[in-house]
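Colleague: Submitted below is the structure of interest, expressed as structure tokens.
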There are 2 protein chains.
Amino acid sequence: MLILKLGGSVVTHKDEYMSAHTGNIKRLAEEIAEADAYPLVIVHGGGSFGHPVAKKHGIADGMVDRSQVFGFSETHQAMVKLNEVIVDLLLKAGVPAFAISPSSMLRTDGRRLNELDTGLVKKFIELSMVPVLYGDAVLDSDQSFAILSGDQLIAKLSNDLGAGRVIFGSDVDGIFTDNPKLNPDARLIETVSISGNEANVGDTTHTDVTGGMLGKLSEAAEAVRGGADVLMVNALVPGRVKAALRGEKVIGTVLTL
Amino acid sequence: MLILKLGGSVVTHKDEYMSAHTGNIKRLAEEIAEADAYPLVIVHGGGSFGHPVAKKHGIADGMVDRSQVFGFSETHQAMVKLNEVIVDLLLKAGVPAFAISPSSMLRTDGRRLNELDTGLVKKFIELSMVPVLYGDAVLDSDQSFAILSGDQLIAKLSNDLGAGRVIFGSDVDGIFTDNPKLNPDARLIETVSISGNEANVGDTTHTDVTGGMLGKLSEAAEAVRGGADVLMVNALVPGRVKAALRGEKVIGTVLTL
């Protein structure tokens, strides 16, 4: 089984409030259809949909004031709107996608997704469908509500469903020796060992200042430990996601134990 | 606890494909906010969103051909779009609504909702939020997928959550002695006894040809047997839903044992 992450920087215009990047989504939907690599689960990030709304209302830190329930719901609504665009375009491209709302099926405990009933997701897969989930505003047992990142969801799904390969599609080629946007000598690291401990992963990310890479690596390391091949590729470059789904050699960073 | 059904004929323009009746939704959102009657769960129907798509692809009868998975997903997508409009307008009116996607949380067995984990719905209610669910295209253990009507969902929610009152808001005043649109002498029946057997309910509906009333009555009878006060009111008449939520005397039909 494959899991594909479509990063928020890929599926949205990050600097335009609640603006879906339909050009990228359409191209990626076609690549996914052409790759014809199933079973597949897709998880996408929030980009300019979920993040600004969640930030405005302080949703990630949980409920401090009851009025925040409106911001909590609005964060979810924003994600539903983005998910809708993505699923519609996947269906149009011929991918049998089905929208699954994380906040309708799970809760976190202290911001962590410790338990997940994957029964429903498995059933969709058995029917040859492609569940499409996303980072979402979810209920939390400790702080009333929280933000569940798409990356944390992927780590859990990968381990519980026994994924063979997890592909993180973002707006960079992978992990670099330094920030490639600032240092022209920065080199792409083709293989990064997570070496079974978080510290190593932390060190590695010092060499990359791309937003969210540390968190992404920490979650991705979980999937590696669970037995999945984890690959980070640039989803903005046409053909990369398609090749990665097909299992072809592609420019990117492979995470290993 | 209260459960309010907003019928598809109220929240959509029934004769216009995928057209939300934002005027009705906005007014009802304001009535719900003004009624200030919590805890509350809202369930809405499909009207011109879910029904035409489901019918086109034969979703209610289950999977015969694998290509139907696209129609199955499109039916859900249509319902998500309608739900989005309703939740957005509820939030705007000051109702702490939260969208819950039935197909992400439950499965039917042979078109019946026999088991439902209401844990998540209860948690939303505990946080003073108003879960907003809907009739949906859902997975089914016998026929791969099915249509779960909003009315069946209400019967199950009412019994499992122990609702005190269930209000069905539709486009008619309630149950009549004859079809009020054809017979000017038709009288509204203020109280209908379900008398513990389906036959009686079936007889009653002979006097009303409004689409879907038989199915609605059969599900509503379940809620009555579960101990809820069940009331049918005309949600097109301003003030009716608000009064019903407040527990005031209102024109409509009360179902009793």
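Colleague: Select from segment B:219-255 the residues that are acidic (Asp, Glu) and open to solvent by 50 Å² or more (accessible area, probe 1.4 Å) and write down the one among them that is nearest to residue B:31 (Cα to Cα).
Modeller: Of everything passing the filter in segment B:219-255, B:248 is nearest to residue B:31 (Cα to Cα).
Colleague: With respect to the numbered conditions (1) assigned to a loop (DSSP other than H, G, I, E, B); (2) in contact (Cβ under 8 Å) with a residue 12 or more places away in the chain, which one is the sole condition not fulfilled by residue A:32?
Modeller: Unmet for residue A:32, out of (1) assigned to a loop (DSSP other than H, G, I, E, B); (2) in contact (Cβ under 8 Å) with a residue 12 or more places away in the chain: (1).
Colleague: Taking segment A:125-141, which residues are in a strand (DSSP E or B), touching a helix residue (DSSP H, G or I) at 6+ places or on another chain (Cβ under 7 Å) and not aliphatic (A, V, I, L, M)?
Modeller: A:131, A:134, A:136, listed by residue number.
Colleague: Check off (1) within 28 Å of residue B:65 (Cα to Cα); (2) over 19 Å from the mean Cα position of the chain (by Cα); (3) more than 9 Å from chain A (Cβ to nearest Cβ) for residue B:187 and give me the number that stays unchecked.
Modeller: With (1) within 28 Å of residue B:65 (Cα to Cα); (2) over 19 Å from the mean Cα position of the chain (by Cα); (3) more than 9 Å from chain A (Cβ to nearest Cβ) applied to residue B:187, the lone miss is (1).
Colleague: Condition check: crowded, with 21+ Cβ neighbours inside 10 Å, facing another protein chain (nearest Cβ under 7 Å), of a type in the set (Ser, Thr, Tyr) and under 16 Å from the mean Cα position of the chain (by Cα). Does residue A:73 satisfy that?
Modeller: no
Colleague: Which helices (runs of 4 or more DSSP H) does segment B:163-257 wholly contain that include 2 or more residues that are at pLDDT 90 or above?
Modeller: Output list reads B:213-225, B:240-246.
Colleague: Collect the residues in segment B:103-131 that are within 11 Å of another protein chain (Cβ to nearest Cβ), under 22 Å from residue B:222 (Cα atoms) and open to solvent by 60 Å² or more (accessible area, probe 1.4 Å), keeping them in residue-number order.
Modeller: Of everything in segment B:103-131, those that are within 11 Å of another protein chain (Cβ to nearest Cβ), under 22 Å from residue B:222 (Cα atoms) and open to solvent by 60 Å² or more (accessible area, probe 1.4 Å) turn out to be B:107, B:117, B:122.
Colleague: Still on this model: Of the residues that make up segment A:58-68, is at least one surrounded by 22 or more Cβ atoms within 10 Å (Cβ to Cβ), more than 11 Å from chain B (Cβ to nearest Cβ) and modelled with pLDDT of 95 or more?
Modeller: For segment A:58-68, residues surrounded by 22 or more Cβ atoms within 10 Å (Cβ to Cβ), more than 11 Å from chain B (Cβ to nearest Cβ) and modelled with pLDDT of 95 or more: present.
Colleague: While we're here: Which of the residues that make up segment A:142-161 are outside any helix (DSSP H, G or I) and open to solvent by less than 10 Å² (accessible area, probe 1.4 Å)?
Modeller: A:145, A:146, A:148
Colleague: Could you tell me which numbered condition residue B:52 fails, if it satisfies all but one of (1) touching a strand residue (DSSP E or B) at 6+ places or on another chain (Cβ under 7 Å); (2) more than 12 Å from chain A (Cβ to nearest Cβ); (3) outside any loop (DSSP other than H, G, I, E, B)?
Modeller: The one condition residue B:52 does not meet is (1).
Colleague: Okay, moving on. Considering only residues that are assigned to a helix (DSSP H, G or I) and at the interface with another protein chain (Cβ under 9 Å from one of its Cβ atoms), look in segment B:91-102 and name the one that is most open to solvent (accessible area, probe 1.4 Å).
Modeller: The initial filter retains those residues of segment B:91-102 that are assigned to a helix (DSSP H, G or I), namely B:91-93, B:102.
Pick out the ones that are also at the interface with another protein chain (Cβ under 9 Å from one of its Cβ atoms) and you get B:91, B:102.
Details: B:91: 17, B:102: 0 Å².
Across segment B:91-102, the extreme among qualifying residues is B:91.
The values are calculated or read from the model by the stated rules, or taken from the named source; none is laboratory data. This one's a predicted model, so the numbers in the text were calculated from it and none came from an experiment. Note that each Cβ is placed from the backbone with ideal geometry, even for glycine, and that neighbours are counted across all protein chains shown. Note: areas computed on protein heavy atoms with side chains; ligands, DNA, RNA excluded. Shrake-Rupley method; radii C 1.70, N 1.55, O 1.52, S 1.80 Å.
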